[in-house]
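Scroll down for the structure; my scribbles are underneath it.
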Amino acid sequence: MKHTPTWTAVAAACLLSAATAWTAPANTLPAGVRGPVTEAVYDGVADDLLTAGLGKTGLMGATPAFADPLAPTPAELRRNAIYVNYRALVDYTAAGGMGVLYGPNIDADGRDTLGEGKIAGRETFAWLDDGSGRQNVTLMVQVPERFDPARPCIVTATSSGSRGIYGAIGTAGEWGLKRGCAVAYTDKGSGNGLHELGADRVTLRDGRVVDAAAAGAEALFRAPLADTERQALLAQAPHRVAYKHAHSGQNPEADWGRHTLQAVRFAFWVLNERYGKLDRDGRREATLNARNTLVIASSVSNGGGAALAAAEQDREGLIDGVAVSEPNAQPRWMHGLSIREGDTPVATIGRPLADYFTFANLYQPCALLAPAAGGGTAVSPALWPAAFTAAAQNRCTALAARGLVAGATIAEQAADALARLRAYGWTAEADFLHQSHYRFATNSIATTYTNAYGRFGVEDRLCGFTFANTDATGAPAAPSAAGVASIFSTGNGVPPTTGVNIVYDASSGGAKLDFLAVSPGSGLADFALDGALCQRSLLTGRDTAGRLLGGAMREASQRVRRGVAEVRLDGRLRGKPVLIVAGRSDALLPVNHAARAYYARTQAHGGADGVRYVEVTNAQHFDGFIALGALLGYDTRFVPLHVYFNRAMDLMWAHLTQGAPLPPSQVVRTLPRGGSPGAAPALAAGNVPPILAEPAAGDRIVFGDGTLVVPR
């Protein structure tokens, strides 16, 4: 690891070079990175790196329109991708803090001085690939005009979720650009790659949708099917589509850390192509390198997990420090470790993502009927119509018939399902979130990740699930031409998204939207319980009666569990300073399985004194949902975790550049806004108190004798 403050080394290196006539190596494209390398220059007025010319006002306003919705231009697709991805990661309302506590107009010191916040600079793209054209991991580097080669810095902005290349633009991207750093992005091989099988059309790196044969090796993703296989699948299951994360057959998550490190290497190449010293033959030298450039690995959610994986895998000293929020960090083992919240031991900790998601996929639809989880009453019927409540009741009944919940009434069964979720690691603060998470996330992640971990293709229709547009009855339907044309900018990489839904092919009476499907095993519209039970068996290796799987299911389970093992982390961070923030109410990546568990794993290793964990009360995973107050009711209950992501980045910056100590691990106690859904009072500084250099004893998170103790 480099000494701090890092930039002192830049001047020293220059003096050394002059004294010894040391020659830097030639600047060469990193191994595995291939062209075409493309670059665009943005003036910071008509268009820019951070807001695509929209500025703060445009990002907070209505969705920009395409001149031709059936054929949007690459510039329009880029603009809308930045707009959509920015708003997906932060609360984009003024009442929620945008433009006041964070946003393009807020400078690095937290002041409203940057106007519309447009940032001039250059944007460079390349592929990371094994030569086959099948991986095609997107790499992008943004270099702001104010980048100073005498004080060089790089921030990684690996996409969250399964989002495309602009997936971290509003989080790590914004923070790095404001500091004048180059920002190294990657979609980490999941990305927003759609293959519309019926028309045999795929998405290019610039977002355009073209014929698969014409795209060739330049497609974000093309399902690895011969034309006869594609036609055979469509004959059995018309209108289906394939998605890269679920169907690439490559388990991209196993390489997310490597992809992040390659993004850093590509950033060095880009910087040296512009700022590197010219040798006597007029070629650029690798003047900027790991010895003299400050590098912070960052991002949120899956991107945060990728940053931690990169830090664990960094044998070159590329990364100086890590600051992440709500990371998808899956510790490899938790043997001998425990977690206590106050005086209460946590029963289940450190399970891998596919394990706890397939568990949630079983129990959330029943648990959401419990009074503590809102009783199935949504803020808006558009979120949860009466038919969904009936299906949730059917799920409780079907679970009870299989002995998977206890209770003679729906109310008792729902209470038992909620208790099982809590016993499996969810905090009580997450109770309210089970309904909206099941509606928008749980089933899609269970489907995507079981496919990805087992390296299954679209043709396998694992556990009876496929992806397609659906009509009003829930039957598969032809995709919307406008939806396909725009999906690069509007999709999130995991259906349901942009009209593409999850379909349960095994539904009684024919394939149906999963939320309307009827399980053959129960004869009930129960959110495709049979499919959810199948997914759960893939993780446990047993059927619902506890018997070991056999035959094809046993083989499928072994494939999935091998894939899960490939993505788990060791918690050995090579002495790097690390600051992790997470929301206690996170229902997507529960802290007992992710942030708390990973932090405990790091502390079990010697030499982990530089790792810190900050847990924020009244904060959860989806800040973008806070903006939907009238629909979801988040605004009255939750504060934006994004505020604390920015603060963590500021603290890591001060640590690396000024030698400021990192704060102790602690709980930050926030104040919800209150009020009524859709009309919560504006967020104020008092709602989001700072991370303290000297927290009260009762707020300190401590580890000892194998136990992580988090104050209640």
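The values are calculated or read from the model by the stated rules, or taken from the named source; none is laboratory data. Here the structure is a predicted model, which means the values were calculated and not measured. Note that we place each Cβ from the backbone using ideal geometry, even for glycine, and neighbour counts take in every protein chain shown. Areas reflect the complete protein model, heavy atoms only, side chains present, ligands, DNA and RNA absent. Shrake-Rupley method; radii C 1.70, N 1.55, O 1.52, S 1.80 Å.
DSSP beta bridges fully contained in the chain are about 60 percent antiparallel.
Mean sequence separation of contacting Cα pairs (under 8 Å, at least six apart), scaled by the length of the chain, corresponds to a relative contact order of 15 percent. Backbone amide hydrogens, once placed in the peptide plane, bring V616 within less than 5 Å of A582, G583, R584, V668, excluding anything fewer than 5 places away on its chain. Considering only C366, V405, F440, the residue lying farthest towards the positive end of the dipole of the chain is V405, judged by Cα position with unit charges set on Cβ. Inter-label distance, T63 to E218: 2.7 nm, where each label sits 7 Å from its Cα along the C-beta direction.
Among residues other than P476 whose Cβ falls under 14 Å from its Cβ, what is the net charge (Lys/Arg +1, Asp/Glu -1)? Show your work: numbers first, answer last.
Working: positive: R240, R461, K512; negative: E196, D471, D505, D514.
Neighbourhood net charge equals -1.
Taking the Cα centre of the chain as origin and assigning +1 to Lys and Arg Cβ atoms and -1 to Asp and Glu Cβ atoms, the resulting dipole is close to 1080 debye. Modelled spin labels at A347 and Q231, positioned 7 Å past Cα toward Cβ, are 5.5 nm from each other.
Give the calculated FRET efficiency between R669 and L548 to the nearest 0.05, with a Förster radius of 51 Å applied to their Cβ-Cβ distance. Walk me through the numbers on the way to the answer.
Values: r = 47 Å, r/R0 = 0.92.
According to the calculation, E is roughly 0.65.
Sorting 166-174, 95-103, 632-640 by average packing, meaning the other beta carbons within 10 Å per residue, from highest down gives 166-174, 632-640, 95-103. Taking 0.36 nm per residue of separation and subtracting the current Cα-Cα distance, fully stretching the chain between E273 and T113 would add 54.4 nm.
Couplings 3J(HN,Hα) of the range 127-134, computed from phi: 9, 10, 8, 8, x, 8, x, 9 Hz, in residue order, whole Hz [Karplus 6.51 cos²θ - 1.76 cosθ + 1.60, θ = phi - 60°; x for Gly and Pro].
In the context of the full protein assembly, T490 retains an accessible surface of approximately 50 Å², using a probe radius of 1.4 Å and ignoring ligands and nucleic acids. K277 sits with roughly 120 Å² accessible to a 1.4 Å probe, with DNA, RNA and ligands left out of the calculation.
In the context of the full protein assembly, R612 retains an accessible surface of approximately 60 Å², using a probe radius of 1.4 Å and ignoring ligands and nucleic acids.
For T540 and E566, FRET efficiency with R0 = 22 Å and r from the beta-carbon atoms, rounded to 0.05? It comes out at approximately 0.75.
Taking R0 as 35 Å, what FRET efficiency do you get between D699 and E555 from their Cβ-Cβ distance, rounded to the nearest 0.05? Before the final figure, lay out each step's value.
Details: r = 49 Å, r/R0 = 1.41.
Computed FRET efficiency for D699 and E555: 0.10.
Close amide H contacts of N192 (hydrogens built in the peptide plane, cut-off under 5 Å, sequence separation of 5 or more or a different chain): G164, I165. Extension gain for A71 to W333 (0.36 nm times residue separation, less C-alpha to C-alpha distance): 89.4 nm.
Site pair A478 and A382 shows an inter-label distance of 2.8 nm when each label is modelled 7 Å from Cα along Cα→Cβ.
Sorted by average packing, counted as other Cβ atoms within 10 angstrom per residue and highest first, what order do 615-627, 228-240 take? Intermediate values should be presented prior to the final figure.
Values: 615-627: 25.2, 228-240: 15.7.
Most protected by this proxy first, the peptides run 615-627, 228-240.
Between the listed residues T473, L233, T260, the Cα displaced farthest toward the positive end of the dipole of the chain, a dipole computed from Cβ unit charges relative to the Cα centre, is found at T260. Computed 3J(HN,Hα) for the range 298-306, one whole-Hz value per residue from the Karplus formula 6.51 cos²θ - 1.76 cosθ + 1.60 where θ = phi - 60°, is 8, 2, 10, 6, 4, x, x, x, 5, glycine and proline marked x.
Taking 0.36 nm per residue of separation and subtracting the current Cα-Cα distance, fully stretching the chain between T23 and A679 would add 229.9 nm.
Work through the residues other than G61 whose Cβ is under 14 Å from its Cβ and net out their charges, Lys, Arg +1 and Asp, Glu -1. Write out the running numbers ahead of the final one.
On the way: positive: K56, R79, R87; negative: E116.
Spelling it out: positives minus negatives among the neighbours equals +2.
The charge dipole of the range 306-402, taken about the Cα centre with unit charges on the Cβ atoms of Lys, Arg (+1) and Asp, Glu (-1), comes to about 560 debye, rounded to the nearest 20.
Would you calculate, for the chain, the mean residue ellipticity at 222 nm contributed by helices, counting each DSSP H stretch of 4 or more residues as -39,500 (n - 2.57) and dividing by all residues, to the nearest 500?
Value at 222 nm, helices only: -9500 deg cm²/dmol.
Placing unit charges on each Cβ (+1 for Lys and Arg, -1 for Asp and Glu) gives the chain a dipole about its Cα centre, and among G117, G629, A417 the Cα reaching farthest toward its positive end belongs to A417. Each Lys and Arg Cβ is given +1 and each Asp and Glu Cβ -1; about its Cα centre, the range 286-332 then shows a dipole of about 80 debye. Phi angles across the range 536-543 convert, under the Karplus curve 6.51 cos²θ - 1.76 cosθ + 1.60 with θ = phi - 60°, into 3J(HN,Hα) values of 5, 5, 4, 8, 8, x, 9, 7 Hz, Gly and Pro given as x.
Its relative contact order, with pairs defined as Cα atoms under 8 Å and 6+ residues apart, puts the range 632-712 at 33 percent. If a/c stays under 1.5 just call it rounded; otherwise compare a/b with b/c (prolate if a/b is bigger, oblate if not). Do that for the range 543-588, with a ≥ b ≥ c from the square roots of the Cα gyration tensor eigenvalues. Because a/c hits 1.5 or more and a/b fails to exceed b/c, the range 543-588 counts as oblate. Across the range 510-582, Cα pairs under 8 Å and at least six residues apart give a relative contact order of 16 percent.
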